[in-house]
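Structure, as structure tokens:
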Amino acid sequence: MLNRFANPIRFLRLADQIQPWAAILTLVLFAAGLYFALFNSPPDYQQGETVRIMYIHVPSAWMALFCYTLLAITSGVAMIWKHPLANLAGRATAPIGATFTFLALITGSIWGKPMWGTWWVWDARLTSMFILFFLYLGYIALQDAFDNAEGGSKAAAILALVGFINVPIIKFSVDWWNTLHQPASVIKFSGPAIHSTMLTPLLLTALAFKGYYVWLFLINMRGEIAEARCRALQVSQIQNAQVAKVATSDARDAHAD
Amino acid sequence: MQIEDKISMHAFMEFIEMNGHAAFIWSSYGIVIFVLIWLFIVGVQFQTKSETKLSQLNPRPRHRSGVRSERKTGKQNEA
Amino acid sequence: MTTFIEIVRRDLRLSMRHGMDTIMVVMFFVLVILLLPLGVGPEPTVLARISGGMIWVSALLASMLSVERLFQTDYEDGSLELLVIQPFMLELTVTAKVISHWLITGLPLLIIAPLLAGMLHTGKDGFAALLLTLAVGTPLLSLIGSIGAALILGARQGSILLSLLVLPLYIPILIFGVSAVDAAIHGLPWRLPVLILGSLLIGLAPFSVWATAAALRETMRR
Amino acid sequence: MVTSSSDRENVYFASDQVACFRGGRTVFVGVTFSINSGGAVLVKGPNGIGKSTMLRILAGLMRPIYGTLKWHDHKTHVEPEIHFKRIHYVGHHDPVKPALTVIENVSFWASLHGTRDHVQSALEEFDIAHLADVPARFLSAGQKRKVNLTRILTAPTRLWLLDEPTTGLDAATVAKFEQCMAAHRNSGGMIILSTHTPLDLPEAQVLNLSDYQPEAAAHDNLY
């Protein structure tokens, strides 16, 4: 009856099969991506060499949004089907997503220095990435703010859903705010205009990051599952010890009569 | 022999120098790779720490990929 | 319906008896505005230019600080436990709590805002926009703030956590509110941002109430 | 095991194989009992065995991880509001607002159940009518508990779920409360309560949660 719960053994066996493939895929793709980004692609006519920073800035921004979407999906699953592994999946995804957002911000500001002359520009994309970073921090902080981990994950799941609904609204309002205060950003960098030779390193790095996510996600999940088991065992050992103590005291009374 | 080396050396230096933006490009790549590796190490440490904690709490044969079969047989012939 | 009015009446009576909640919020609001000229300098031109933004930012912070206590007292004395198992929808209770919170804190901010706008030399035609955007914006602040307030029940360092959870979600309200006020001050058409703010209120209200109720149920399951 | 000997048709409230999972562990498993009008169940067991959790599940505050609760064979979690209309739950805390007077507190909770007229009679029942206009901050813990118990007298419901109702009450009040419980059961009501102080509850079924502890192995495949 109890194994109605998600049996982690199935998940762990699945993880064993996927993990080596994810590892190989990540390393190969990242190597290829680096090769294309640094050696094989021509410098941009306008920005010159600094366009190479874009090859890691844009994929990490994509990863930031990708991980937040996954966070919202796992939270939805956790709330609707009360799937215990879904909560753990949220705990495993959040740090990876937060790190990619942080990387997107860092590379964005480094990219801004040669192009716009200052480390930080209140550009619409960078600002909404900055806000997304705080949504991640809120999720992670809320998870660990409670004594029992399950309660924390449930509250964080609701926050992830609320945040997910608000991300498009925030994006829309920041774009509105940006057009209001800054008629046109200096470099109108529109997507489709990306030259085809630039597309291959961009996609390779993006796929490499996704492979990296799967790889690290599985590792984090193992840790989270082990952590959850430790919690369950510690609590049940206390419980068994208590029941045992009660049993021995009854036995002693019976013996005494 | 001398000239090719010099040319390749020159090309290599020029490549590194990325006409003036070397610092920005290499620093951003360096930071990204460093942070990704650091996050990976943190993940692995977290996994091993909690799994060792688990094995101490519950010494019965746990699901360990690969190790599982020999652990189980080891158990059987002991019992 | 009577239960709805009953809850609102109880909350209003409770805050009237204390009376402190409203005064605290208004004092905070006025104090933040007081700091502005001391920090930025009293020249009317400078103050007028940033007055819309400053009034909105301080109204937002005042509303966020007051929303933290929304469920806290009921959570501590066990009333929340009973409110969750009342024979009517929990969402109704949450709506009543949010409305009573708006009446206690949002409305006073609305009343005091023109006075402060005058002190910051905002243009006369900025007043209408300010009042309208605050009238539409402060209920939205209470709604989203109530989600945060429900999520942090029983958490360590609840107040810091609340600001971390809620401020990113307040950003769209701030942007549309201030853009309407600034547009009005410069004589430009300012209807569109107010309409967007209104649609946000109508769109997010049911979702926020559902999320708060879900958060309260989770709190009971902890 | 609690034998459910009562005949099926007038069984009002039944719990079937209820299991609870809380704070990372299984609190209890396979709890089955049924109660019909006029019945009472005494939940027993040492501290931390999950008595309060059991009552919170019966009240609908928490959802069991397995098993169902049925009221006349209708699952209670399907229409929670209807279930809430039939129960009163008394927890550890007394929901009494210090700023409001006693009568305001009690009539607030009564009005949530839609009745306002029983308030005065309920106050007299527990002889705290003289405190009606006293702000609750002047009340002692015992008096606050009395106000809490008065609350459930104002609106008649079928099922009372009481979690250690008589802690902090003096002997006279406990006797008075026992009379109220007896009256409630005579009028067809039901009571499920847990208590550590001796409480006279004639022919009550005993539900000892120690019999429903999960075996140690059950934890293995939990996570």
### Message
Among the residues of the stretch A:34-72, what is the count of those that are closer than 14 Å to A:L204 by Cβ and of a type in the set (V, I, T)?
### Response
2
### Query
Considering only residues of the stretch D:131-151 that are of a type in the set (V, I, T) and part of a helix (DSSP H, G or I), which is surrounded by the most Cβ atoms within 10 Å (Cβ to Cβ)?
D:T150
### Single residue of the stretch A:176-199 satisfying the filter (at pLDDT 85 or above and either hydrophobic (A, V, I, L, M, F, W, C) or closer than 30 Å to B:I37 by Cβ (or both)) that is surrounded by the most Cβ atoms within 10 Å (Cβ to Cβ)
A:W177
### Query
Out of all the residues in the stretch A:122-136, is one or more hydrophobic (A, V, I, L, M, F, W, C), on the phi < 0 side of the Ramachandran plot and over 21 Å from the mean Cα position of the chain (by Cα)?
yes
#### Entry: Flag if C:L47 is free of Cβ contacts under 8 Å to residues at least 40 places away in the same chain, more than 21 Å from the chain's Cα centre (by Cα) and in a helix (DSSP H, G or I)
no
#### Entry: C:L130 vs. criteria within 25 Å of C:A211 (Cα to Cα) and touching a residue at least 40 places away in the same chain (Cβ under 8 Å)
no
### Query
Can A:P95 be described as in contact with a Phe, Trp or Tyr (Cβ under 6 Å, 6 or more places away or on another chain) and within 9 Å of chain B (Cβ to nearest Cβ)?
no
### Query
Only one of these conditions is not met by A:P168: (1) more than 20 Å from the chain's Cα centre (by Cα); (2) without any contact (Cβ under 8 Å) to a residue 40 or more places away in the chain. Which number is it?
(1)
#### Entry: Qualifying position, being hydrophobic (A, V, I, L, M, F, W, C), surrounded by fewer than 22 Cβ atoms within 10 Å (Cβ to Cβ) and under 18 Å from the mean Cα position of the chain (by Cα), among C:A183, C:A211, C:A150, C:A205
C:A205
### Message
A:T101 - would you say it is of a type in the set (S, T, Y), over 19 Å from A:E227 (Cα atoms) and facing another protein chain (nearest Cβ under 9 Å)?
### Response
no
### Task
Considering only the stretch D:26-37, state which residues are within 19 Å of D:K85 (Cα to Cα) and either within 14 Å of chain C (Cβ to nearest Cβ) or not in a strand (DSSP E or B) (or both).
D:S37
### Message
Take C:L140 and tell me if it is within 15 Å of the chain's Cα centre (by Cα), touching a residue at least 40 places away in the same chain (Cβ under 8 Å) and surrounded by fewer than 24 Cβ atoms within 10 Å (Cβ to Cβ).
### Response
no
### Query
Hey, any hits in the stretch A:66-87 for a residue that's part of a helix (DSSP H, G or I), within 13 Å of the chain's Cα centre (by Cα) and among the small types (G, A, S)?
yes
### Message
Show me the helices (runs of 4 or more DSSP H) entirely contained within the stretch C:89-178 in which 1 or more residues are within 14 Å of chain A (Cβ to nearest Cβ).
### Response
C:90-101, C:124-151
### Query
Which of (1) modelled with pLDDT under 90; (2) in contact with a helix residue (DSSP H, G or I) (Cβ under 8 Å, 6 or more places away or on another chain) does D:V43 not meet, given it meets every other one?
(1)
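Residue by residue, here is whether (1) of a type outside the set (G, A, S); (2) touching a residue at least 40 places away in the same chain (Cβ under 8 Å); (3) crowded, with 21+ Cβ neighbours inside 10 Å holds:
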{"position": "D:Q17", "(1), (2), (3)": "yes, yes, no"}
{"position": "D:G23", "(1), (2), (3)": "no, no, no"}
{"position": "D:S37", "(1), (2), (3)": "no, yes, no"}
{"position": "D:L42", "(1), (2), (3)": "yes, yes, no"}
{"position": "D:G50", "(1), (2), (3)": "no, yes, yes"}
{"position": "D:I65", "(1), (2), (3)": "yes, yes, no"}
{"position": "D:R86", "(1), (2), (3)": "yes, yes, no"}
{"position": "D:V90", "(1), (2), (3)": "yes, yes, yes"}
#### Entry: Qualifying positions in the stretch A:30-44 - closer than 19 Å to B:I37 by Cα, of a type in the set (A, V, I, L, M, F, W, C) and within 12 Å of chain B (Cβ to nearest Cβ)
A:F30, A:A31, A:L34
### Message
So A:M54 passes all but one of these: (1) at pLDDT below 95; (2) surrounded by 20 or more Cβ atoms within 10 Å (Cβ to Cβ); (3) closer than 21 Å to A:V167 by Cα. Which condition number does it fail?
### Response
(3)
### Query
In the stretch C:13-29, which residue that is within 12 Å of another protein chain (Cβ to nearest Cβ) and assigned to a helix (DSSP H, G or I) is surrounded by the fewest Cβ atoms within 10 Å (Cβ to Cβ)?
C:M20
### Task
Working only within the stretch A:72-101, note down all residues that are surrounded by fewer than 18 Cβ atoms within 10 Å (Cβ to Cβ) and either aromatic (F, W, Y) or in contact with a strand residue (DSSP E or B) (Cβ under 7 Å, 6 or more places away or on another chain) (or both).
A:W81
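The values are calculated or read from the model by the stated rules, or taken from the named source; none is laboratory data. Bear in mind the structure is a predicted one, so any value in this text is a computation, not a measurement. Heads up, the Cβs are rebuilt from the backbone with ideal geometry, glycines too, and the neighbour counts pull from every protein chain shown.
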